[in-house]
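Novice: Okay, handing you the structure first.
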Amino acid sequence: MILKIEIGQNNPILRKKSLEIKEINSDIQKLANDMIETMNKNNGVGLAANQIGKNIRIFVIAKEVSKKQVFINPEIIKISNKTENSEEGCLSLPNVFLKIKRAKSLKIKTVDEHGNEFKLKAKGLLAHVIQHEMDHLNGILICDNVK
Ligand code: ZN
C-alpha cells in the first residue's frame, strides 16, 4: 500500500523525536513493506516512519543502496571523524537539494522486520543515507544541517 508522505520543514510530526518500537509484530512487518513500496514509488533512497505520519523508530533504505532494507530501533555504534560533503534531497522537502556534511563511514546496530539483530558497516552513499534517516528519527531535517 502506498502511504501519504508528510511534507514541510515546519510539519510537527517531522520535528518530534520518534519513539522506540517495543514489539516487532505483523503490523510492523506490514508497515515496513508499505514504507518500501512508498519509497520506491517516489524514487527515494530512504524513508523514515515519521515521514508517513508514524512517530516510531524505523526506517527503510532502497535495495540499490543497501543489502539490508529495514532498520528498527537503529543505533550508530561507531562513526568516523572524517567527513565529506554531498548533495542531498528529501521526500518531505520537495525540490530542496542541499550540500550536507556527513561522516564518511559508520557502524550501525539495529533489528530487522523479523526481530533479528544485525550490525552493518557503511561508507559513502549508504553512510550518508543512514545519517539522513537517523536525523529524521530525531526530528532533524536537511535544512537544519547546512554547513
Ligand atoms: Zn529525508
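The values are calculated or read from the model by the stated rules, or taken from the named source; none is laboratory data. Being a predicted model, the structure only gives us computed values, none of them experimental. Positions of Cβ are generated from backbone atoms using ideal geometry, with glycine treated the same way; all protein chains shown enter the neighbour counts. Surface accessibility is based on the protein's heavy atoms, side chains included, excluding ligands, DNA and RNA. Shrake-Rupley method; radii C 1.70, N 1.55, O 1.52, S 1.80 Å.
Novice: Under a point spin-label approximation (7 Å from Cα along Cα-to-Cβ), what is the ASP34-ASN11 distance to one decimal in nm?
Specialist: 1.5
Novice: With only alpha-carbon atoms in the gyration tensor, what are the semi-axes of the equivalent ellipsoid for the chain, in Å, largest first?
Specialist: Output for the chain: semi-axes of 21, 19, 14 Å.
Novice: To continue, here is another question. Kirkwood Rh, region 67-147, all Cα pairs: how many Å?
Specialist: By the Kirkwood definition, the hydrodynamic radius is 13.2 Å.
Novice: Ok, one more. Please give the Cα centre distance for region 36-58 versus region 76-139, rounded to the nearest Å.
Specialist: 14
Novice: Tell me, what is the per residue accessible area of region 20-147 in Å², probe radius 1.4 Å?
Specialist: Ligands and nucleic acids excluded, the figure is 52 Å² per residue.
Novice: What number, in percent, do you get for the relative contact order of the chain if the mean sequence gap of Cα pairs under 8 Å and at least 6 apart is divided by its residue count? Kindly include the intermediate steps, with their values, before the conclusion.
Specialist: Details: 293 pairs, mean separation 38.8, N = 147.
For the chain, the relative contact order is 26 percent.
Novice: Something else now. Within region 13-34, what residues put their amide N at less than 19 Å from the label point 7 Å along the Cα-to-Cβ vector of ILE140?
Specialist: 13-20, by backbone N distance to the label point.
Novice: What is region 91-142's relative contact order, in percent, from Cα pairs under 8 angstrom and six or more apart in sequence?
Specialist: 31 percent.
Novice: From the convex hull of the Cα coordinates of region 26-100, what is the mean projected area in square nanometres? Mind showing how you got there, number by number?
Specialist: Details: hull surface 24.0 nm².
With the hull built on Cα positions only, its mean projection is 6.0 nm².
Novice: Please give me the summed charge of the neighbours of GLN51: other residues whose Cβ is under 11 Å from its Cβ, Lys and Arg +1, Asp and Glu -1.
Specialist: Value of the local net charge: 0.
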